[in-house]
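The values are calculated or read from the model by the stated rules, or taken from the named source; none is laboratory data. What you see is a predicted model; the values in this text were computed from it and never measured. Quick note on the areas: whole protein, heavy atoms, side chains included, nothing else; ligands and nucleic acids left out. Shrake-Rupley method; radii C 1.70, N 1.55, O 1.52, S 1.80 Å.
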Amino acid sequence: MIIVLGVVFAAVAGGVAAVALLADRTLSETAAKDKECCWEKGVTPAGLSERIGIRIPEKATDPKAGVKSNSRYDTGILAFTLPEDTANDYLARMVPEGTKMVANIAPKHDAYKGDAPFTHLGLTEPETISSNLVRTALCPEDTETPEGKHLRSCVTIYAHGFEPGSTRIYVRSSGGVGQ
């Protein structure tokens, strides 16, 4: 009787383990599909900058863009690199006087799981960067600056001095990233 119960217990435990592994594998596959799902094809940095109202300066290099759609809204991500002095001038023309870009004092190392990650563009998530990064959020209704007056949707802007003399600008725009 004890041997039979042991065999039954082992079989049940094995079945539970198999179901758990299958469930874990299914969740991993679903997460991977979600990460790659729903990215618009053919999105260009110039096209996205026009859609959200963010001008990409002429001196910008390495521009990248993507738009991910879901059932509630579209999220646009845009990134480009500027010489440090150009980036400072650009941000001064974007951010309203009295608005301070703040440091990322609580980075979420390897924990960012946003809907439209910059990793899709081959970049580090700005939320995970702990040094030389500042950020702010802007909306069209309260940004009448020379650059900001063109905004068509709310954005979060990050500026990362990732190497001496170079600043990468990250822009994430959720909702209102219409065609």
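Stretch ASP142-THR61 to full length: gain in nm at 0.36 nm per residue minus the Cα-Cα span?
Details: separation 81, 0.36 × 81 = 29.16 nm, distance 2.87 nm.
So the chain would gain 26.3 nm between ASP142 and THR61.
ASN104's amide H: which non-local residues (gap 5+, or another chain) put their own amide H closer than 5 Å, with H modeled 1.01 Å from N in plane and none for Pro or chain starts?
Residues meeting the amide H criterion: LEU133.
What's the carbon and sulfur percent of region 42-116's accessible surface, probe 1.4 angstrom, rounded to a whole number?
On the way: 2090 of 4190 Å².
Carbon-and-sulfur percentage of accessible area, whole number: 50.
With a 1.4 Å probe and all protein chains left in place, how much accessible area per residue does region 61-136 have, in Å²? Spell out each step's value before the answer.
Values: 4010 Å² over 76 residues.
Result: 53 Å² per residue.
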